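**Student:** Below: one structure in structure tokens.
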Amino acid sequence: MAPKAKDVAIRLVILNLLYDHGTIFVDEPTAKEAERLHSEILELLDKYDLWNLLTASEHEIFKCNPLELSDEYATDIFYSINSRGVLAWCLGLLEGMPGFDTSLFDDESILDDFYETKPSPVDIATIKWKLRSAKEIDHARDVAEMWHWRSRTLSLQRSKPIAKSDKKSELYRKIVSDVASSSLPDLGVLTLDDDFSAFGKPYLMLDDEEWDKIHLITLYRHRALNWVCGYAPSDNYDETPTDT
């Protein structure tokens with residue numbers, strides 16, 4: 001079952017708090033200052049009864065000393081801004097999202113709007129939340145899934161068995177070309193040389209750094225939209241599938 005608008009708002013608030021917790025180290029606080037900030041976040045979770053709404057991994061992250069978070073957790077928290085942006089968009093707090101080759105962090109105009117409307121725990125009960133239409137959200141989900149498919153297809157294209165075979169490489173190029181011509185126009189996705197257009201070039205031509213960035217942006221948006229659309233077992237955000 002798809003979560004209700006208030007559930008989406010609660011999830012956004014949790015992800016916001018998670019980000020606040022995971023970025024405490026940025027200002028290089030002393031151990032005592034970090035402990036104080038950590039305690040304030042834990043108190044918010046208690047005060048607004050959010051502990052029972054956390055996923056298993058979120059429980060572990062919030063319990064961690066913010067100055068000792070693993071690189072894996074730090075990366076997850078950093079890129080989660082793309083999930084947070086999606087949830088804010090679904091709630092009508094953002095008018096739009098940047099393209100899939102642009103993280104929310106890289107678009108100052110949208111980022112400013114995001115922080116201006118960033119909900120806090122107190123907003124959960126005081127705002128009458130409403131989601132965008134199911135049609136809008138379903139369309140956004142379809143677009144995210146298509147971008148995620150392209151990311152995974154590129155992984156296959158660059159695998160040794162395919163990359164070393166002219167016949168297999170050509171087959172995958174044709175598959176991408178067919179998708180680009182048949183599906184992308186209806187989704188509003190720009191194409192270039194019979195491929196998805198990303199960073200001003202065909203997706204196939206992305207370098208490793210560009211591919212890694214766009215893959216993570218796509219993954220986090222796809223997961224958030226799948227969750228909003230009710231794809232997660234028992235609404236468990238951690239278990240939201242991102243199959244393509």
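**Student:** Out of ALA144, ALA140, ALA232, report the one residue that is touching an Asp or Glu at 6+ places or on another chain (Cβ under 6 Å), under 24 Å from LEU94 (Cα atoms) and among the aliphatic types (A, V, I, L, M).
**Tutor:** ALA232
**Student:** What single numbered condition from (1) at pLDDT below 90; (2) surrounded by fewer than 18 Cβ atoms within 10 Å (Cβ to Cβ); (3) not small (Gly, Ala, Ser) fails to hold for ASP76?
**Tutor:** (2)
**Student:** If LEU111 passes every condition in (1) assigned to a loop (DSSP other than H, G, I, E, B); (2) in contact with a helix residue (DSSP H, G or I) (Cβ under 7 Å, 6 or more places away or on another chain) but one, which one does it miss?
**Tutor:** Only one criterion in (1) assigned to a loop (DSSP other than H, G, I, E, B); (2) in contact with a helix residue (DSSP H, G or I) (Cβ under 7 Å, 6 or more places away or on another chain) is unmet by LEU111, namely (1).
**Student:** If you don't mind, there's one more thing I want to ask. Any residue in region 85-101 that's over 21 Å from ILE127 (Cβ atoms) and among the charged types (D, E, K, R): show its pairings with residues that are surrounded by 24 or more Cβ atoms within 10 Å (Cβ to Cβ) and modelled with pLDDT of 95 or more at Cβ separation under 9 Å, as long as the two are six or more apart or on different chains.
**Tutor:** ASP101/ALA198; ASP101/ILE214; ASP101/ILE217
**Student:** How many residues does region 22-59 hold that are within 27 Å of TYR231 (Cβ to Cβ) and within 18 Å of the chain's Cα centre (by Cα)?
**Tutor:** Matching residues across region 22-59 total 5.
**Student:** Would you point out the residue of region 131-152, among those that are assigned to a loop (DSSP other than H, G, I, E, B) and in contact (Cβ under 8 Å) with a residue 24 or more places away in the chain, that is surrounded by the most Cβ atoms within 10 Å (Cβ to Cβ)?
**Tutor:** Among those that are assigned to a loop (DSSP other than H, G, I, E, B) and in contact (Cβ under 8 Å) with a residue 24 or more places away in the chain, it is LEU131.
**Student:** Pick from region 160-196 the residues that are within 19 Å of LEU219 (Cβ to Cβ) and not β-branched (Val, Ile, Thr): which of them is modelled with the highest pLDDT?
**Tutor:** Here the residue is PHE196.
**Student:** In addition: Since ASP194 meets every condition but one in (1) closer than 23 Å to VAL86 by Cβ; (2) surrounded by 13 or more Cβ atoms within 10 Å (Cβ to Cβ), which condition does it not meet?
**Tutor:** That leaves (1) as the condition not met.
**Student:** Please determine whether any residue of region 212-226 is free of Cβ contacts under 8 Å to residues at least 60 places away in the same chain, out of contact with any helix residue (DSSP H, G or I) (no Cβ under 8 Å at 6 or more places or on another chain), assigned to a loop (DSSP other than H, G, I, E, B) and not assigned by TED's automatic domain parsing to the domain that holds ALA56.
**Tutor:** no
The values are calculated or read from the model by the stated rules, or taken from the named source; none is laboratory data. Quantities reported herein were computed from a predicted structural model and do not represent experimental measurements. Here Cβ is always computed from backbone atoms with ideal geometry, including for glycine, and neighbour counts include all displayed protein chains.
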